[in-house]
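Reviewing the structure listed below.
Here, each number is a calculation from the coordinates, and none is a lab measurement. The shown structure was predicted, so the numbers you read here are calculated from the model rather than taken from an experiment. So basically every Cβ, Gly included, is an ideal-geometry build from the backbone, and we count neighbours across all protein chains shown.
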2 protein chains.
Amino acid sequence: MPTSKDVAQVAGVAQSTVSYVLSGKRPISEKTRKKVEAAIDQLTYQPNAGARALASRKTRVIGLVIPFIPELEMGSIMEFVSVIASTARQFDHDILLVTDDEGAAGLRRVVGQQICDGLILMQVEDEDERLPVARSLNVPVVLIGIPRDPSGLVCIDADFEMAGEQCVRDLADAGHSVISVIDWQPAVMDRHVNYIDRFLHGTDVAAKDLGVTVLHLPGGADRVTISESVDKALASTTGKPAFIAPDRTIQDILRRILSSRGLTLGLDVSVIGSASPTLAELQPIPLSTIDLQPAEVSRRAVRIMCQLLEADSHGPHESLELVPTVITHRSSTLRPQ
Amino acid sequence: MPTSKDVAQVAGVAQSTVSYVLSGKRPISEKTRKKVEAAIDQLTYQPNAGARALASRKTRVIGLVIPFIPELEMGSIMEFVSVIASTARQFDHDILLVTDDEGAAGLRRVVGQQICDGLILMQVEDEDERLPVARSLNVPVVLIGIPRDPSGLVCIDADFEMAGEQCVRDLADAGHSVISVIDWQPAVMDRHVNYIDRFLHGTDVAAKDLGVTVLHLPGGADRVTISESVDKALASTTGKPAFIAPDRTIQDILRRILSSRGLTLGLDVSVIGSASPTLAELQPIPLSTIDLQPAEVSRRAVRIMCQLLEADSHGPHESLELVPTVITHRSSTLRPQ
DNA sequence: CAGCATCGTCGATACGCATCGATAAATTCG
DNA sequence: CGAATTTATCGATGCGTATCGACGATGCTG
């Protein structure tokens, strides 16, 4: 592997000059710049990351803490990971994976060894054991998700309250006066992520505002509780029922139950779910969705991180950013009259 | 951040002694070892990764090249990623993400900058533009998947041929004499991964061996071709039809089509799919599956990589490892008479 | 044309660790 | 008990880059 010294020799300049050509931190004449660049090309020189990190005290690597084999929602997690990695590259950074089975110790490790300059935490829970550590590390940390106490932390997430409002508003516009919200699957509920509460709060706010009824059976969704929800919905209105089912796994179950009662989506009943456009279109009756914009959340998380890294002000930061959600009409909801 | 020099000072020894305590590459007396370890604890010292990489020429980082936002199969990709990252930690290594939108240049970059010691490539295609690069890099490369020409490369994958055989054998045992294989979705077929061919070959081998008929309509699976497959299957036998549908997305469509024709899984018709145990159990009629053991493939990929890194013999290696697949009976297949 | 700021480049040093040779201390053997 | 080993530790050096101070060359001012 050639070094900057080799480049310098070929170009007939000092090693430091090569360094300045690369960083642009001092003026370099057109002539020597050309010479150096030619030498770099000729040797296919690439700077050594370790040496660079040692000298500059910056690794240009961001640690990404991913949830520990969640088995559920793995698809959506991959979308975050993938977009975060690509976006990081746009800012000339790389992503190091930190799996959550290392727990809080993992955060201390990668920061202590100075493998990375900052951390992005995914799927932050209400009371997360990693939060005190995150606050104490003196590198930037960006959370995806909002804990109960976000003080002293930089958070970003989809605007779940807005999402709840949008769903109810949309169904009310379509003429529904009774709207049922189906819970997430129990495994998700158990994780104590508060986006669920924020979403439900949004539906309540909209319901009060519009004078419609929102039904909600508490406790995670399974075949039984969904059936009950459907029963209750049918009993509660003479009009057509409407359902909001954000959890993807749950949508399948709901759809089967509705069809087994002879109800056709978009005709006798409205359903809004949450899914990627591709998945939504794949359904036999394309699903109207509330899109939580995972890609946009990911991009912003990286952008915030890189801003913090550039600013480099070591004091603790605090901010909270909510990404607007988007509702998309397909065929599973009634058309507004 | 404390350095090994600080540790040495506190312990009253030379910096090199600290280094030897950590690496164990030279004998150290019990007494000084204790002193040094105490100093390390007291200062919460952690070695600087950049300096270590610079001096030792090893980063203890493995680059993982992930497919570029595939949108499909993201869940299964995440399982690979997650297990690979955890396993790497067990070997005291970390994982750096390299997204495939950088293409072959990305491989050259991370190796050239010496950010990582080796590469694991996921989802290797038959004719993959990254292969010539992989061969030319002089760091270990492990492929998950098998290209058309695996010479000079280290490959690992699930044994798809065995999977195909197992499926046919199993359905034949259950009394089926006509077995239909449903293709993957077009997007997957277009990627020219040859595991599909290996799988199909396995089904043919078993069919010849057992004297049963395997039907297969070529060209990616969609609603229309699956319907045709079902028609053809029903026309071809007076017995009960059987289907093999490895692609997860396709399974849903197949199930709907079968149920719309009044056929009940496990009673009138057998279906074997491919899905994680969790997902298979979640179905209304739990799905009998052929398990392609993604976790085991991932673990072995990392293990092979770490062996190559330890051996450190820079000559080109070549090997091909196939992980046995496992068939699991649930309720979607007939019981053997 | 002397005096002075500006520009472009060089040389030296530090970053934190691994590693090699050397040396002092402890042990063994004749 | 002194010589030959072995054992434990130290000091020095190098890894490849960034960065600072210094310095020669150039351009400008009066």
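Long-range amide H contacts for A:Ile327: which residues qualify at under 5 Å (H placed 1.01 Å from N, peptide plane, sequence gap of 5 or more or a different chain)?
Sorted by chain and number, the residues that satisfy this are A:Asp291.
Across the residues of A:103-114, average count of Cβ atoms on other protein chains within 10 Å?
Taking the mean over all residues of the peptide, I get 3.
Using each residue's phi in segment A:210-215, evaluate 6.51 cos²θ - 1.76 cosθ + 1.60 at θ = phi - 60° and report the 3J(HN,Hα) Karplus result to the nearest Hz, with x for Gly and Pro.
9, x, 10, 9, 10, 9
Can you give the average number of partner chain beta-carbon atoms within 10 Å of each beta-carbon in peptide A:87-94, as a whole number?
3
Which whole-angstrom value gives the distance between the alpha carbon centres of segment A:182-199 and segment A:120-152?
19
7 Å along Cα→Cβ for the label point: how many nanometres lie between A:Arg26 and each equivalent label in the other copies, listed shortest first?
Ordered by increasing distance: 3.8 nm.
Beyond a 29 Å Cα-Cα separation, which of these cross-linked pairs lie in this structure: A:Lys208/A:Lys240; B:Lys5/B:Lys31; B:Lys5/B:Lys25; A:Lys232/B:Lys240; A:Lys5/A:Lys25?
Beyond 29 Å: A:Lys232/B:Lys240.
Within 10 Å, count the other beta carbons around each residue, average over each peptide in B:116-124, A:293-301, and list them highest first.
B:116-124, A:293-301
What is the distance, in nm, between label points placed 7 Å from the Cα along the Cα-to-Cβ direction at B:Gln307 and at A:Ser16?
Going from the B:Gln307 label point to the A:Ser16 one covers 5.0 nm.
Starting from the 7 Å offset along Cα-to-Cβ, what nm value, one decimal, do you get for the label separation of B:Arg223 and A:Phe68?
4.3
Out of all Cα-Cα pairs in the protein assembly as shown, roughly what percent, to the nearest whole number, are more than 45 Å apart?
30
Where the only charges are on Cβ atoms (+1 Lys, Arg; -1 Asp, Glu), what is the dipole of the protein assembly as shown about its Cα centre, to the nearest 20 debye?
2020
Just how large is the dipole of segment B:174-233 about the Cα centre, in debye to the nearest 20, putting +1 at every Lys and Arg Cβ and -1 at every Asp and Glu Cβ?
80
In terms of modelled amide H atoms, which long-range or inter-chain residues lie less than 5 Å from the amide H of A:Val61?
A:Asp94, A:Asp117
Please average, across the residues of B:41-50, the number of beta carbons from any other chain that are within 10 Å of each residue's own beta carbon, and give a whole number.
5
Sorted from largest down, what three extents in whole angstroms do the Cα atoms of chain A have along their principal axes?
87, 38, 34
Taking the label point 7 Å from Cα in the Cβ direction, how far apart in nm is B:Gly103 from each other copy of itself, listed shortest first?
Copy-to-copy label distances for B:Gly103: 4.6 nm.
With n ≥ 4 as the cut-off for DSSP H runs, can you work out [θ] at 222 nm for chain A, using -39500 (n - 2.57) per run divided by the number of residues, rounded to the nearest 500?
For chain A, the value works out to -14500 deg cm²/dmol.
Between A:Gln251, A:Gln46, A:Gln90, which gets the highest mean-square fluctuation from a Gaussian network model of chain A, Cα cutoff 10 Å?
A:Gln46
Scaled to the compact-protein estimate 2.2 N^0.38 Å, what is the alpha-carbon radius of gyration of segment A:239-305, rounded to two decimal places?
Taking N as the residue count of segment A:239-305, the ratio is 1.35.
Using θ = phi - 60° and the Karplus relation 6.51 cos²θ - 1.76 cosθ + 1.60, list the HN-Hα couplings for segment B:130-137 in order, rounded to whole Hz, with x at every Gly or Pro.
Whole-Hz 3J(HN,Hα) from phi for segment B:130-137: 7, 5, x, 4, 4, 5, 7, 5.
For the protein assembly as shown, what proportion of DSSP beta bridges, expressed in % and rounded to the nearest 5, is antiparallel?
10
So, in Å, what gap is there between the alpha-carbon centers of segment B:271-337 and segment B:96-114?
27
So, in nm, how far is label A:Ser151 from label A:Arg191 when the simple model puts each one 7 Å beyond its Cα toward the Cβ?
That separation, rounded to one decimal, is 2.7 nm.
Hey, what did segment B:165-265 get for relative contact order, percent, Cα under 8 Å, at least 6 apart?
40
Given H placed on each backbone N at 1.01 Å, which residues far from B:Leu143 in sequence or on other chains put an amide H within less than 5 Å of it?
Long-range HN contacts for B:Leu143: B:Leu121, B:Val154, B:Cys155, B:Ile156.
In whole Å, how far is the Cα centre of segment A:46-68 from that of segment A:207-242?
One Cα centre to the other: 51 Å.
Taking segment A:65-202, how much of its Cα-Cα pair set, in percent, is spaced more than 23 angstrom apart?
42
How large is ³J(HN,Hα) for each residue in segment B:224-239, as worked out from phi by the Karplus curve 6.51 cos²θ - 1.76 cosθ + 1.60 (θ = phi - 60°), to whole Hz, x for Gly and Pro?
5, 5, 5, 4, 4, 4, 5, 4, 4, 4, 5, 6, 8, 8, 8, x
When you count, for each residue, the other Cβ atoms within 10 Å and take the mean per peptide, how do A:30-38, A:270-278 rank with the highest first?
Ranked by mean Cβ neighbours within 10 Å, highest first: A:270-278, A:30-38.
Picking from A:Ala8, B:Ala233, B:Val111, whose Cα lies most toward the positive end of the charge dipole for the protein assembly as shown (charges on Cβ: Lys, Arg +1; Asp, Glu -1)?
Of the candidates, A:Ala8 comes out farthest on the positive side.
Please name which of B:Ala311, B:Leu265, B:Pro294 has its Cα lying farthest along the dipole of segment B:257-320 towards the positive end, using unit charges on Cβ (Lys, Arg +1; Asp, Glu -1) and the Cα centre as origin.
Ranked along the dipole, the leading option is B:Leu265.
Using bins 10 angstrom wide from zero, how does P(r) for segment B:1-105 break down, in % of all Cα pairs?
13, 31, 25, 16, 12, 3
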